[in-house]
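A short worksheet on the structure shown next.
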């Protein structure tokens, strides 16, 4: 299992619109092969920052499968306009 981690810096004042767009985007990623689960959390200290955690079966399910699919264009159109700066996405593998 691979855990995708991204801190999403949403432009201040656009949080409610971002959350609404994310609700529409969630089924897009959830339908992707290799997708296991997703959580989106909002930072208490910095309310314009969100933590996205996505569980994938394999790294390639995200990096090649989802990102290389037409569904990713829909995801991007719904969400990428909210980020400033664009988030860094990293992948983790459980060791314990």
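Relative to the longest principal axis of the chain, what angle (0 to 90°, nearest 10) does the C-alpha long axis of helix 15-30 take?
10
For residue 51 paired with residue 24, estimate the spin-label separation in nm (one decimal), with each label point 7 Å from Cα along the Cα-to-Cβ line.
2.8
How much length is gained if the chain between residue 17 and residue 59 is pulled fully straight, taking 0.36 nm per residue apart and subtracting their Cα-Cα distance, in nm to one decimal?
Contour length minus Cα-Cα distance gives 12.2 nm.
For the chain, would you read off the P(r) tail past 15 Å as a percentage of all alpha carbon pairs?
61
Going by alpha carbons, how many degrees (0 to 90, nearest 10) lie between the helix axis of 70-79 and the longest principal axis of the chain?
Orientation of helix 70-79: about 20 degrees from the principal axis.
Values in this text are rule-based calculations from the coordinates and carry no lab data. Please read all numbers here as calculations on a predicted model, not as lab measurements. Counting neighbours? That spans all protein chains shown, and the Cβs are built from the backbone with ideal geometry, glycine included.
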